[in-house]
1. With touching a residue at least 60 places away in the same chain (Cβ under 8 Å) and on the phi > 0 side of the Ramachandran plot as the only criterion, which of 121, 144, 167, 117 stands out?
2. Against the conditions (1) within 29 Å of residue 195 (Cα to Cα); (2) assigned to a loop (DSSP other than H, G, I, E, B), where does residue 128 fall short? Just the number, please.
3. Quick one: which helices (runs of 4 or more DSSP H) lie wholly within the stretch 206-311 and hold at least 1 residues that are of a type outside the set (Ser, Thr, Tyr) and within 28 Å of residue 117 (Cα to Cα)?
4. Scan 415, 399 and give me the residue that is farther than 29 Å from residue 257 by Cα and open to solvent by less than 10 Å² (accessible area, probe 1.4 Å).
5. Which numbered condition trips up residue 250, out of (1) under 30 Å from residue 155 (Cα atoms); (2) crowded, with 16+ Cβ neighbours inside 10 Å; (3) within 23 Å of the chain's Cα centre (by Cα)?
6. So which pairs qualify, if the first residue must be in the stretch 38-52 and open to solvent by 50 Å² or more (accessible area, probe 1.4 Å), the second must be hydroxyl-bearing (Ser, Thr, Tyr) and part of a helix (DSSP H, G or I), the Cβ gap must be under 6 Å, and the two must be at least 6 apart or on different chains?
7. Of a type outside the set (A, V, I, L, M) and either at pLDDT 90 or above or crowded, with 23+ Cβ neighbours inside 10 Å (or both) - does that describe any residue in the stretch 329-338?
Amino acid sequence: MEKTDWKRIGWLTAATLVLGAIIGACAGLLTLLLYGVEYVMLGFIESEFIPGAFTVPAVRRIASVTLGLGVAGVIWYLLRTKTEKVPSVKKAVNGGRMPFWQTIVHVVLQIFIVGSGASIGREVAPRELGAMLAQRFCDIFHIGGGEGDAHGVLDRRMVVAVAAGAGLGGVYNAPLAGMFFAVEILLVDVTLEKVAFGLGMSATAAFVATAIKGEHMFYDIGAMQMNSTPSLMLFALLCGTACGVVGALFRKGSQWAESHKPTGRSLMWQMPLAGLVTGLVSIVVPQVMGNGRAAAQLGFSTFIPETADTSGAAQSAASAAASPWTFLAGSDGAPGSDGAPGSVVNAGTPLELNRLWMLLGVLALTFVAKAFVTLMTIRSGASGGVLQPGIALGSTLGTMLGLLWLFVFPVDSVTACALIGAAALLSASQQAPLMAMCLVMELTEAPIEFFVPVGMAVAASAFVSSGLLHRLG
């Protein structure tokens, strides 16, 4: 009979509770730091009521993102050329050592540029911090430190990966996504122990982080129907296929941008230049600024009132007032002549062709602008993620397809189509269908029955994108 390894059980428990709590506290503090930077640089704090910098004067938007990327460019140049480099999370999982203070500066800079308005995700920062803290935890417990200790090396790899996932789960209050990020992307090894360990630490991190930063709605999908439909399953299959192609191309584009980052002094002028371009684009498309919350919400908030009687979807006055469409229209959210909340989307009852083209035009411009400025920001030398930009692209693409779908199947809501598109494109761009599905469902707090159409879309997207990526090489 095999002897119980109480030491291993002890450090697994300590990692789940103690390390998870520390990572959760850091995730909560990073979120508060983001809010602080937004308030100082842009004069607003993102929330479910103001999802983006819509109310910020254009001059301040330009100045903020240019200054933010300019300052970060100088510091990153010094950090990358004069000190020990910070490896990626994947390299850290495979044994790369994450230096202590360099990692902290690297993490803070990522939050700083997102708060300043740079178009890039902030989810890499808590993952890197979690991985660095996990390495120190392993040092304390002597996990995988000795030569010839193959089992210890595997344990150390597991702890670092799970801690990185806990950082994601903590910052977004998404424990399922955090666990799947660890086992599906970093470890590529789904076992009962890893799933249980990852879910336990991510849940602990999410609980502690929420206690610090508060529990807030990240995406408002109040304009969505409450029940799935057979036609929505068909849409999920078609939308998933389209998102698979687009997501694969976005993945290739982000990989190209990452591999062509400047390494020398040019970093100090390319990053502020990217900031200036982002600021200028934001004059026309303010929702491109930040990690993608505003652009994604544009899709989720698209509401066509004439489908309400058949789909059961309804948009409250509060949701309409906080909609990016309302901010873009300069509306105060007051009811219109038809009694609906004052948004450019529901300004009239029928979905007329001229209004349809207007909606499609704004969404298409948002999609192209968001993809362009995100890839440009990465190419300029900035560090960060593409999870939230991927959700933004998927939401806007799903909404465009959904608006056309309504002409054939008015029983479905556009918001449901946006939800499906967000998960499907994220699945394709990350090559992680389980993580993508759970992250979008957790961020939107969607009804559990929508796991079915979202799962169908994610499966189609993963299948199409993997084949296309294989062909592209």
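1. Working: 121 fails: on the phi > 0 side of the Ramachandran plot; 144 fails: touching a residue at least 60 places away in the same chain (Cβ under 8 Å); 167 fails: on the phi > 0 side of the Ramachandran plot.
Only one candidate passes the filter, namely 117.
2. Residue 128 satisfies all of (1) within 29 Å of residue 195 (Cα to Cα); (2) assigned to a loop (DSSP other than H, G, I, E, B) except (2).
3. On the way: elements: 230-259, 267-284, 293-300, 308-311.
Hits in the stretch 206-311: 230-259, 267-284, 293-300.
4. On the way: 399 fails: farther than 29 Å from residue 257 by Cα.
When all the criteria are applied, what remains is 415.
5. With (1) under 30 Å from residue 155 (Cα atoms); (2) crowded, with 16+ Cβ neighbours inside 10 Å; (3) within 23 Å of the chain's Cα centre (by Cα) applied to residue 250, the lone miss is (1).
6. 45/35; 45/39
7. no
Each row is one residue, and each column tells you yes or no for (1) within 23 Å of residue 388 (Cβ to Cβ); (2) not in a helix (DSSP H, G or I).
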| site | (1), (2) |
| --- | --- |
| 25 | yes, no |
| 56 | yes, yes |
| 71 | yes, no |
| 85 | no, yes |
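The values are calculated or read from the model by the stated rules, or taken from the named source; none is laboratory data. None of these values were measured; they are calculated from a predicted model. In this analysis, Cβ positions are derived from the backbone assuming ideal geometry, glycine residues included, and neighbour counts consider all displayed protein chains. Please note that ligands, DNA and RNA were not included when accessible areas were found on the heavy atoms of the full protein model with its side chains. Shrake-Rupley method; radii C 1.70, N 1.55, O 1.52, S 1.80 Å.
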